Amino acid sequence: MGNCLTCFKEPTQTALETTQNCHKEGICFFSEMTEARLYPAPSHVPASSAPPETILSNGNHLSAPPESTTTISRFYPPSRRTHSKSAPAMGVTESKPSEAKLTSLFELYKDESEDSILAEGIEQFCQDLQVSPDDFKILVLAWKLNAEQMCRFTRSEFINGLKAIRADSIKSIQTRLPELVSEVDQHDELFKDLYRFTFRFGLDSASGQRILPTDMATVLWRLVFTIREPPILNRWLNFLDTHQMIRGIPKDTWNMFLNFSEHVGDDLSCYDDNEAWPSLFDDFVEFENDQANQNISKDKEKECDGLLITKD
């Protein structure tokens, strides 16, 4: 699903070194992303050094971003496997999933040096499923496997998760995925659970990361809202994109955006600044109102220009 999460760890090495490591380790789950530029988060997050005026969405100040950034073209590296190990397409599981089949399926994709399926194995797994790694279905599958982080399915996550969805073959997983997506789309609580999982899934849990880089959050918002997209989503993401000083999205801001998007209406007319929203939402509404007022002023100017009477 996207790039290897090392790209988004809080900086412990130079940007060039990090970028090179990401290209070496491979890409998983998201095919294209802007290089993340997260700087140390609030005081409770272990921090590296940081210069002034960078703002997190919870109002804390961090260091100013670098003056220049680059866009990394994300791609899958050539597979290092000596031969294809694609799984056979077997029938849909009608009874209890087979432990032996699940173990064999896991062994097919697991890394040679770790007891987990890593980026390369996930790439092959997605190819066998005939689903793109950055497809919403793969996010739903990771949610059902209760995966702790991107680019990795542990043995217990993979086997127990597939047991829970009653699938033990590529064919049965292919059959179940559209059904799981439909269930999430139809049930509010399931979607809310998936939405909250997505934040955790995007974190680099190995380094104790607690704040999502804004670039990563933007990609994840677009992905999780493949269904049930709120009308304000594009305006919200545009706001984040045009305010480069916002470097990270904390968990409470991520979680409350779902309620916020449902509460304020299509045109933000139901927004009440007396309610306890994160301050970033206040800034967003103010920005949108300013944009709307500027558009009204421009329209009035055009209207007045049309009414001007020129004298000979």
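Structure summary
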item	result
Within the accessible area of the range 179-232 (1.4 Å probe), percent carbon and sulfur	46
Overall Cα dimensions of the range 105-224 - principal axes, largest extent first, Å	36, 35, 22
Other-chain or far-sequence residues with amide H under 5 Å of S116's (modelled H)	D111
Extension gain from D193 to Q244, taking 0.36 nm per residue of separation minus the Cα-Cα distance	15.4 nm
Computed over the range 210-285, the ratio Rg/Rh where both radii use C-alpha atoms and Rh is Kirkwood	0.92
Where labels lie 7 Å past Cα in the beta-carbon direction, separation of Q291 and E114 in nm	3.9
T103-C270 FRET efficiency (beta carbon distance; Förster radius 45 Å; 0.05 resolution)	0.30
Å² per residue, accessible surface of the range 155-254 at 1.4 Å	39
Contour minus Cα-Cα distance for D283 and D185 (0.36 nm per residue)	32.3 nm
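The values are calculated or read from the model by the stated rules, or taken from the named source; none is laboratory data. The shown structure was predicted, so the numbers you read here are calculated from the model rather than taken from an experiment. Quick reminder, even Gly has a Cβ in these numbers, built from the backbone with ideal geometry, and neighbours come from all protein chains shown. Just so you know, the surface numbers come from the protein's heavy atoms only, side chains and all, with ligands and any DNA or RNA stripped out. Shrake-Rupley method; radii C 1.70, N 1.55, O 1.52, S 1.80 Å.
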